Structure formats: structure tokens, C-alpha cells
1. Please tell me which of these pairs span more than 24 angstrom C-alpha to C-alpha: Lys36/Lys71; Lys36/Lys109; Lys92/Lys269?
2. Arranged by the count of other C-beta atoms within 10 angstrom, fewest first, what order do His169, His250 take?
3. Going by average Cβ neighbours within 10 Å, how do the peptides 173-182, 206-215 rank, with the highest at the top?
4. With the cut-off at 1.5 for a/c, could you classify region 155-307 from its C-alpha gyration tensor as rounded, prolate or oblate?
5. Say the dipole of the chain comes from +1 at the beta carbon of Lys and Arg and -1 at that of Asp and Glu; which of Thr52, Val103, Leu160 then lies farthest toward its positive end?
6. For an R0 of 22 angstrom, estimate the FRET efficiency from the Cβ-Cβ distance between Leu97 and Ala178 and round to the nearest 0.05.
7. Once a ≥ b ≥ c are taken as the square roots of the eigenvalues of the Cα gyration tensor of region 138-236, is the result rounded (a/c under 1.5), prolate (a/b larger than b/c) or oblate (a/b not larger than b/c)?
8. Would you mind working out the magnitude of the charge dipole of region 44-109 relative to its Cα centre, with +1 at each Lys and Arg C-beta and -1 at each Asp and Glu C-beta, to the nearest 20 Debye?
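FYI, it's all coordinate maths here, none of it is from the lab. Computed from a prediction, not measured in an experiment: that's the story for all the values here. We place every Cβ from the backbone using ideal geometry, glycine too, and count neighbours over all the protein chains shown.
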Amino acid sequence: MATSITKAVIPAAGLGTRFLPATKAMPKEMLPVVDKPAIQYVVEEAVAAGLTDVLMITGRNKNALENHFDKVGELEDVLRKKGELEKLDKVKYSTDLADVHYVRQGDPKGLGHAVLRAKMHVGHEPFAVLLGDDIIDERDPLLTRMLEVQQQLNTTVVALLEVDPSVAHLYGIATVKATDQDDVVKITGLVEKPSPGSAPSNLAVIGRYVLRPEIFEVLERTAPGKGGEIQLTDALQSIATGPEWGGGVHGVVFRGRRYDTGDRLDYLKAIVQLASDRADLGPDFRPWLKTFAATLTNDDHEHPDAP
Ligand code: G1P
């Protein structure tokens, strides 16, 4: 189903402190996942779902992001002269991918605050928000499905993933009831990062949202929550439970492949999974990985703090 939604908002203002020193002078969104910066996967996903107008909410070091999606004349000339056309295509690809705009977040007051910064650009239309820490496999088009559900129900739509209860405290957690569509649920409540052991379910909000423009008004009224930050989850909870906001919030339950790049361990796992699957690298990487894995003994697990 073709939708009329064209805008994607990508918050990219985090300090990336979990990846220091790599992120000292470079935004974490530019960290390579195999051979592409993490942010490029996310922009490619938005474009694949038909969203070619991308607004990034940036912080310090935004130059690297801007440069990545901009033309690099000298590099293109050098590659053209050398006849390295495949490499030239890779350089030009990210330039031509989308119409990328930037706005600075200013104060780092949380995800809700970052989304609020998109108000002027978005105007009065539904739009998508994609968080850079989650990479969704291009073979499992989650965002396309979410846009379809948004157009069908005309409500706010978030992506949900069943997670192990031991990690529920790291996410926004939803309580839900079933609908007549197998992968769609109605959200009855949302809580941002419940304390360990207190999560009301194991359905976690992952970083994909299709929001209606009233989110801006709700965010403006949302008081700082968890961590003293303005939380998008809290604003969504108001929409899910406030009759004044019409249709509420639906969740699309994702059962496909998702790679988390939010912390170092997950980032490593994501790179190994994605590289194993790549047509150009996988055939050489997989046999090496098997041999390497066979050299690991149980002993390794007994010394998690070993340098
Ligand atoms: C954010 C949201 C959280 C959501 C998560 C998904 O948290 O606040 O509700 O579950 O993204 O990745 P963050 O991981 O940015 O702390």
C-alpha cells in the first residue's frame, strides 16, 4: 500500500559515551557496522519505506554526519580518474540517497525533547522516527508494515519486540490487548525503563515509531520523567490512555531480524551477524568464524573480567 507519509526523523545527538574513545571526535552514528556507518543503514531503511525527506536531530560533531551525506568532489574526481567506478558508486550512493536536513537539539533533554525539535520541519503530517541504535534487516521490512498500519488505523504506531524479561528494564515496555490482525496489538499502557523485575510485560518498544503531529503538543506538556529527561514513552503513554487523543497507540509486533548497536557487546554481535550474511564477505568470514569459535574453550567464560 502506498502511503502519503514522506518524512523521517532520526535523533542523532547522543554523546555515545559507551563507545569512548572512538566517539571522542566523531558521533556514534558514524561508527562502521562492517563497512557502512550505522546511520546509513537507518537512512536506507527510511528510503526503502518511501521516506526520502530525512531530518536528523544532531548534537556536537554533526560535521561528520553532514559530510557523509554530502558530495565529496575531490574524492569523486580521484576515483573517476583512476577508473575505480565501483568505489565511486559507493561514495555517491549516500549523497543521492535522501534529502537530508539537520537541526541541532541544543540541550540534551532526552528523546522526547529531540523529537520535539522536529516540529517546524514536520508540520501537520504523520511522520516516522527511527533510532540509530537499532538496525532492522532489510529483508524484514518493519517500517513499511508500520506505515501501512498507520494509514489503515490512523493512529500512532510503535514497533514492539518480545524480549527476555532480564533486559526489560532497558526499554520502554508496553501492556497490550490483541486486535484482529495477528501482528498488531492495541497498547493499553507504556512505561519507560521499569526497574528490574517490575516490567508489566516483555513487549519492548524498539526504535521505530510512526507518529501523528499531535505528538508535539503532547511532548510540550510532558514533564521530565526517567533520568530527568523528557521521554517519548511518557508522551505515548498520554496518547494511549487519554481519550482526547483519538485512536490511541497500536504496536506492530516485530518477529524479524534486528541488530542492536547500542553498546559494545551488541555492536560486536551485530557486525559478526551482518558480515556472516554478506554475499561478498560471508563465504570467507563464516569458515574462519567457525574455526575461531572452535578454539574458544569453556574456560574463557569463567574469566569475564580478564583483560
Ligand atoms: C529509547 C527509548 C526506549 C526504547 C529504546 C529502544 O531508549 O527511550 O523507550 O525502548 O530507545 O531502543 P534508549 O535506548 O535510547 O535509552
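1. Flagged as over cut-off: Lys36/Lys109; Lys92/Lys269.
2. Result, fewest neighbours first: His169, His250.
3. In decreasing order of mean packing, 173-182, 206-215 become 206-215, 173-182.
4. Working: a/c = 2.57, a/b = 1.97, b/c = 1.30.
Taking the square roots of the gyration eigenvalues as a ≥ b ≥ c, region 155-307 is prolate.
5. So the residue furthest toward the plus end is Val103.
6. Calculated value: 0.05.
7. Details: a/c = 1.82, a/b = 1.15, b/c = 1.58.
It comes out oblate by the Cα gyration axes.
8. Here the size comes out at about 280 debye.
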